[in-house]
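**Q** The structure follows.
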Amino acid sequence: MTQQTVLLIDDDEAMRRSTEQALELAGLSVLALPSAEEALSRAGPGLNGVVISDIRMPGMDGMTLLQRLTDLDADLPVILITGHAEVSLAVEAMRRGAYDFIEKPFVVQDLLTVLRRALDHRALVMENRRLRAVAGQRDDLEGRLPGRSPAMIDLRRIIRTVGPSEADALITGPTGAGKEVVAQAMHDLSPRAGKPFVAINCASLPDHLMESELFGHEAGAFPGAMRPRYGRFEHARGGTILLDEIGSMPLDLQAKLLRVLQDRVITRLGSNDPVALDVRFLATSKADLAQAVQQGRFREDLLYRLNVITLRVPPLSARREDVPLLFLQLLREAAARHGMDDRLPSPELLAELSARDWPGNVRELRNAADRLVLGLDWLDQTGSGPALLAERVAGFERSVIAGAIAAHRGHLRRVYESLGISRKTLYEKMQKHGLDRHLITEGDD
């Protein structure tokens with residue numbers, strides 16, 4: 001295995017040299033640097049090692065360095081060295097993705113214990129990346145599920161842990177939050193990645209066709225069944241089945257699904273011959289299935305069978321700090337999708353976006369990005385939430401035009417020349433804002 005490196009950053013030369021010597025005596029390879037700026041050029045996804053940094057430094061401090069490093073590689077362990085009075089700051093750093101922290105003055109053995117644990121973690125990350133690269137896979141979770149909020153960091157960690165396993169799982173979260181993206185990512189990280197990923201929307205299948213659609217049927221199983229047909233479960237052989245909105249599945253079919261989950265065997269309609277099923281099951285639900293159990297709408301034994309592993313996708317309202325980063329990515333995707341130039345929103349617009357609740361979550365935010373790229377109002381037309389920036393901009397534009405009309409006593413030429421727009425544009429904006437024409441004198445040219 002490649003020699004691992006400890007990247008040590010501390011502006012205090014005496015502290016830096018003594019720590020470097022202690023770590024080297026323990027058999028570690030150390031690169032000691034006096035500033036965070038120098039460290040950034042050495043760190044990143046390719047660093048097989050760990051970063052140790054003092055929090056308090058001139059120029060770029062440890063917290064800023066942490067943010068920059070997590071942007072480069074979320075799985076790079078960063079250990080922060082803090083003074084006794086800075087423990088609360090170090091705890092905040094942990095929330096932002098720091099691997100651990102240690103207080104000054106520290107015992108070298110304590111630092112070595114934390115450091116060796118971090119190096120082992122990094123070695124596992126690098127080995128997993130190597131194996132995925134050999135298999136032709138990419139670990140692109142940061143791109144699929146961007147965000148630096150603790151909730152998203154934790155979600156990606158769980159996906160990386162559970163994804164490669166064979167365990168069935170339940171994915172919960174509100175509409176539009178990205179539950180299917182999580183399911184697809186889990187499939188792509190698993191040994192089944194080269195096999196089918198079959199998504200079944202339980203809410204869209206008619207009750208009377210659902211059993212045939214899932215299990216398949218033999219010829220003559222029911223009127224109209226002229227020939228045998230594979231069900232969706234069999235089409236997914238060797239792969240992953242996603243049962244989207246499983247809470248919509250009828251109770252009688254839930255009992256049959258439970259048997260499939262337990263035995264991995266299905267029986268087509270009109271047949272008595274069991275068919276072995278080699279699949280992994282994932283399920284999503286925006287509804288509270290525990291509450292559905294209490295109301296008699298969902299089987300308790302099926303819930304227990306599914307929620308051995310539960311992944312919760314947070315709503316945007318619970319991770320507002322992620323909205324700017326996510327919106328910038330959605331803008332780039334929208335520009336590529338529509339063949340348009342990239343749009344760079346203003347900081348004010350990003351702040352307004354972060355202030356909204358986004359009840360439609362990522363799906364609604366994606367629609368806003370599409371509209372902005374196409375030159376339309378970024379707000380959706382559902383009337384959900386306050387208009388915020390768009391309303392304020394529209395109100396400001398209306399007041400400026402109305403003020404110019406009044407100031408120039410209705411002489412339109414002076415109005416549009418003073419505003420730097422064409423006469424046609426002025427008329428369109430007057431109509432858009434409902435400005436009364438009595439402000440304009442007759443015979444104006």
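The values are calculated or read from the model by the stated rules, or taken from the named source; none is laboratory data. All values reported here derive from a predicted model rather than from experimental measurement. A quick note on method: Cβ atoms are made from the backbone with ideal geometry, for glycine too, and the neighbour counts reach across all protein chains shown.
**Q** Working only within the stretch 279-296, note down all residues that are in a helix (DSSP H, G or I) and either outside the structural domain of His235 (by TED's automatic domain parsing) or surrounded by fewer than 19 Cβ atoms within 10 Å (Cβ to Cβ) (or both).
**A** Ala290, Gln291, Ala292, Val293, Gln294
**Q** Specify the residue that is nearest to the chain's Cα centre (by Cα); the eligible residues are those in the stretch 297-348 that are in a helix (DSSP H, G or I) and within 21 Å of Ser248 (Cα to Cα).
**A** The residue in question is Leu306.
**Q** Name, by its number, the condition in (1) within 23 Å of Ala394 (Cα to Cα); (2) at pLDDT 75 or above; (3) not aromatic (Phe, Trp, Tyr) that does not hold for Gln381.
**A** (2)
**Q** Can you tell which of Arg312, Arg332 is of a type outside the set (S, T, N, Q) and in contact with a Ser or Thr (Cβ under 6 Å, 6 or more places away or on another chain)?
**A** Arg312
Every residue, every condition in (1) more than 29 Å from the chain's Cα centre (by Cα); (2) over 20 Å from His208 (Cβ atoms), yes or no:
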{"position": "Arg232", "(1), (2)": "no, no"}
{"position": "Thr240", "(1), (2)": "no, yes"}
{"position": "Leu253", "(1), (2)": "yes, no"}
{"position": "Lys256", "(1), (2)": "yes, no"}
{"position": "Val260", "(1), (2)": "yes, no"}
{"position": "Ile266", "(1), (2)": "yes, no"}
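**Q** Of the residues that make up the stretch 199-221, is at least one at pLDDT 90 or above, assigned by TED's automatic domain parsing to the domain that holds Arg280 and closer than 30 Å to Val125 by Cα?
**A** Yes; the residues of the stretch 199-221 include at least one that is at pLDDT 90 or above, assigned by TED's automatic domain parsing to the domain that holds Arg280 and closer than 30 Å to Val125 by Cα.
**Q** Kindly establish whether Thr161 is over 16 Å from Ile309 (Cβ atoms) and among the β-branched types (Val, Ile, Thr).
**A** no
**Q** Continuing with this model, one more query. Could you grab me the full set of residues in the stretch 107-130 that are modelled with pLDDT under 85 and hydrophobic (A, V, I, L, M, F, W, C)?
**A** Result: Ala123, Leu124, Val125, Met126.
**Q** If you check Gly173, Gly194, Gly178, Gly143, which single one turns out to be surrounded by fewer than 17 Cβ atoms within 10 Å (Cβ to Cβ) and in contact (Cβ under 8 Å) with a residue 60 or more places away in the chain?
**A** Unique residue meeting the criteria: Gly143.
**Q** Of the residues Met57, Met63, Met1, Met15, which is modelled with pLDDT of 85 or more and either over 30 Å from Gly147 (Cα atoms) or out of contact with any Asp or Glu (no Cβ under 9 Å at 6 or more places or on another chain) (or both)?
**A** Met15
**Q** Follow-up. I'd like to know if the stretch 246-262 contains one or more residues that are touching an Asp or Glu at 6+ places or on another chain (Cβ under 9 Å) and farther than 24 Å from Thr172 by Cα.
**A** There is no residue in the stretch 246-262 that is touching an Asp or Glu at 6+ places or on another chain (Cβ under 9 Å) and farther than 24 Å from Thr172 by Cα.
**Q** Let me ask something else about it. Restricting to the stretch 105-124, and then to whatever is within 29 Å of the chain's Cα centre (by Cα) and touching a residue at least 60 places away in the same chain (Cβ under 8 Å), can you tell me which residue is nearest to Val6 (Cα to Cα)?
**A** Among them, the one singled out is Leu119.
**Q** Quick check on Glu20: is it among the acidic types (Asp, Glu), over 26 Å from Asp322 (Cα atoms) and in a helix (DSSP H, G or I)?
**A** Against the criterion (among the acidic types (Asp, Glu), over 26 Å from Asp322 (Cα atoms) and in a helix (DSSP H, G or I)), Glu20 qualifies.
**Q** Let me ask something else. What number of residues in the stretch 68-91 are without any contact (Cβ under 8 Å) to a residue 24 or more places away in the chain and of a type outside the set (S, T, N, Q)?
**A** Final tally of qualifying residues: 4.
**Q** While we're on this one: Please tell me if Gly410 is at pLDDT 70 or above, small (Gly, Ala, Ser) and not in a helix (DSSP H, G or I).
**A** Yes: the conditions hold for Gly410.
**Q** Working only within the stretch 156-171, note down all residues that are over 23 Å from Asn367 (Cβ atoms) and outside any loop (DSSP other than H, G, I, E, B).
**A** Arg156, Arg157, Ile158, Ile159, Arg160, Thr161, Val162, Ala169, Leu170
**Q** Moving to a separate point now. Run Trp358 past the list (1) within 18 Å of Ser149 (Cβ to Cβ); (2) assigned to a loop (DSSP other than H, G, I, E, B); (3) free of Cβ contacts under 8 Å to residues at least 24 places away in the same chain and report the number of the one that doesn't hold.
**A** (3)
**Q** Let me ask something else about it. Of the conditions (1) in contact (Cβ under 8 Å) with a residue 24 or more places away in the chain; (2) crowded, with 16+ Cβ neighbours inside 10 Å; (3) farther than 22 Å from Ile159 by Cβ, Met340 fails just one. Which one is it?
**A** Every condition holds for Met340 apart from (2).
Rundown of residues vs (1) surrounded by fewer than 20 Cβ atoms within 10 Å (Cβ to Cβ); (2) in a helix (DSSP H, G or I); (3) more than 35 Å from the chain's Cα centre (by Cα), yes/no style:
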| site | (1), (2), (3) |
| --- | --- |
| Met15 | yes, yes, yes |
| Gly27 | yes, no, yes |
| Val30 | yes, no, no |
| Ala39 | no, yes, no |
| Ala43 | no, no, no |
| Met60 | yes, no, no |
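**Q** Here's a follow-up. Within the stretch 181-191, track down each residue that is surrounded by fewer than 17 Cβ atoms within 10 Å (Cβ to Cβ) and of a type in the set (A, V, I, L, M).
**A** Val181
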